[in-house]
Amino acid sequence: MKIQIVLIICAALSLPLYAHAAACCATDDVEGVALSELPDESLYQLDSTWTNAEGAPIHLSDLRGPHRIVAMFYSTCTHVCPLIVSNMKRIEREVPADANIEFTLFSLDPERDTPKALREFAQRQKITAPNWKVLAASQDSVRELSAVLGVNYRTEADGEIAHSTQITLLDHDGRIVAQLAKMDDDPAPIIAALQSAHEH
C-alpha cells in the first residue's frame, strides 16, 4: 500500500496521533535526490527534516542507499528504549560484518532530545559508530513518521512516553521489508532478509 494512501486513511479515521500525517510526500529535489524517483511506498517520500547528534540537518531521502534498521525512542527512557537498542545490536551481530546496513533511531521527544541529549544517549548505549544515527525533528514530523511505521505513542503526565516497540527493516529505497512488532519477537525474518540482500 502506498504511503500516501496509508496516511489518508489515518486522517479519515481521525486518529489523533496521526492528525498531521497527510501533509507528506512532496516531490521536490532534496540534496540532489528526486523524491519522485523513489518508489511510491518508500518511507523516504516523507518530506521531513531531522537533526542529528551533531546538530546537522538530515532529510529522510539522505538515508537512501544501505538497508536500514530503524526504531523510535527517546533519550530519557530508561527501560524499553535501551532494550530496543539491545535488540538492534543483536541483529547487527548476526549479519555479515561487511554488509551495507545502517541503524537509525528517531526520537519521539523533540522538546528534550537536543543534539547534546542525542549524543549522550548514543554514548551511554555505545552506538557512536558511523553506521548508527540518532535523529530528532518537530512534533509534526514525529507524528508523520510514527504513522508510517505503525508506532503508537502518548506522553504521560509525568513526562514519560508510552510507545510501541517496532523495529523495522527498510530496503535501500526506504520500503518496509520486515518488522518486529514486539520486544520478544524472533528477529530471524529481519536477519534472513539482510543476509539474503548481502548475498545478492
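The values are calculated or read from the model by the stated rules, or taken from the named source; none is laboratory data. For clarity, every value in this text was computed on a predicted model and none was experimentally measured. Methodologically, a virtual Cβ is constructed for each residue, glycine included, from the backbone with ideal geometry; neighbour enumeration extends over all protein chains shown.
In summary, A162 fulfils each of the numbered conditions (1) closer than 18 Å to T76 by Cβ; (2) buried (at least 16 other Cβ atoms within 10 Å of the Cβ); (3) touching a Lys or Arg at 6+ places or on another chain (Cβ under 7 Å) with the single exception of condition (2).
Going through the range 82-103 one residue at a time, which ones are touching a Gly at 6+ places or on another chain (Cβ under 9 Å) and modelled with pLDDT of 90 or more? Passing the criteria: only E102. If the condition is being surrounded by fewer than 20 Cβ atoms within 10 Å (Cβ to Cβ) and on the phi < 0 side of the Ramachandran plot, then the range 123-137 contributes Q123, R124, I127, T128, A129, P130, N131.
Listed here are the residues, each with its yes/no results for (1) modelled with pLDDT of 95 or more; (2) over 20 Å from L180 (Cα atoms).
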site	(1), (2)
T27	no, yes
G32	no, yes
S36	no, yes
D62	yes, yes
L105	yes, no
D113	yes, yes
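If you check F121 against the conditions, is it without any contact (Cβ under 8 Å) to a residue 60 or more places away in the chain, outside any helix (DSSP H, G or I) and of a type in the set (F, W, Y)? Talk me through it step by step, then tell me what you get.
Numbers: without any contact (Cβ under 8 Å) to a residue 60 or more places away in the chain: yes; outside any helix (DSSP H, G or I): no; of a type in the set (F, W, Y): yes.
The answer is no for F121.
Screening L135 with (1) closer than 16 Å to S75 by Cα; (2) part of a loop (DSSP other than H, G, I, E, B) gives one miss only, at (2). Checked against the criterion of being assigned to a loop (DSSP other than H, G, I, E, B), crowded, with 20+ Cβ neighbours inside 10 Å, at negative phi and not β-branched (V, I, T), the range 142-157 has no qualifying residue. Could you check how many residues of the range 40-58 are over 18 Å from A147 (Cβ atoms) and either among the small types (G, A, S) or out of contact with any Pro (no Cβ under 8 Å at 6 or more places or on another chain) (or both)? Residues meeting the conditions: 5.
If the requirement is being part of a strand (DSSP E or B) and of a type in the set (G, A, S), which of these qualifies: A99, A53, A71? Talk me through it step by step, then tell me what you get.
Numbers: A99 fails: part of a strand (DSSP E or B); A53 fails: part of a strand (DSSP E or B).
Unique residue meeting the criteria: A71.
Residues checked against (1) touching a residue at least 24 places away in the same chain (Cβ under 8 Å); (2) in contact with a helix residue (DSSP H, G or I) (Cβ under 9 Å, 6 or more places away or on another chain); (3) over 19 Å from P96 (Cα atoms):
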| residue | (1), (2), (3) |
| --- | --- |
| V134 | yes, yes, yes |
| Q139 | yes, no, yes |
| L145 | yes, yes, yes |
| L149 | yes, yes, yes |
| E156 | no, no, yes |
| D184 | no, no, yes |
| A192 | no, no, no |
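Scanning the range 181-194 for residues that are aliphatic (A, V, I, L, M), out of contact with any Pro (no Cβ under 9 Å at 6 or more places or on another chain) and part of a helix (DSSP H, G or I) turns up A188, I190, I191, A192, A193.
Residue under question is A178, and the condition is that it be loosely packed, with under 15 Cβ neighbours inside 10 Å and assigned to a strand (DSSP E or B); does it hold?
Details: loosely packed, with under 15 Cβ neighbours inside 10 Å: no; assigned to a strand (DSSP E or B): yes.
Here the answer is no, as A178 does not meet what is asked.
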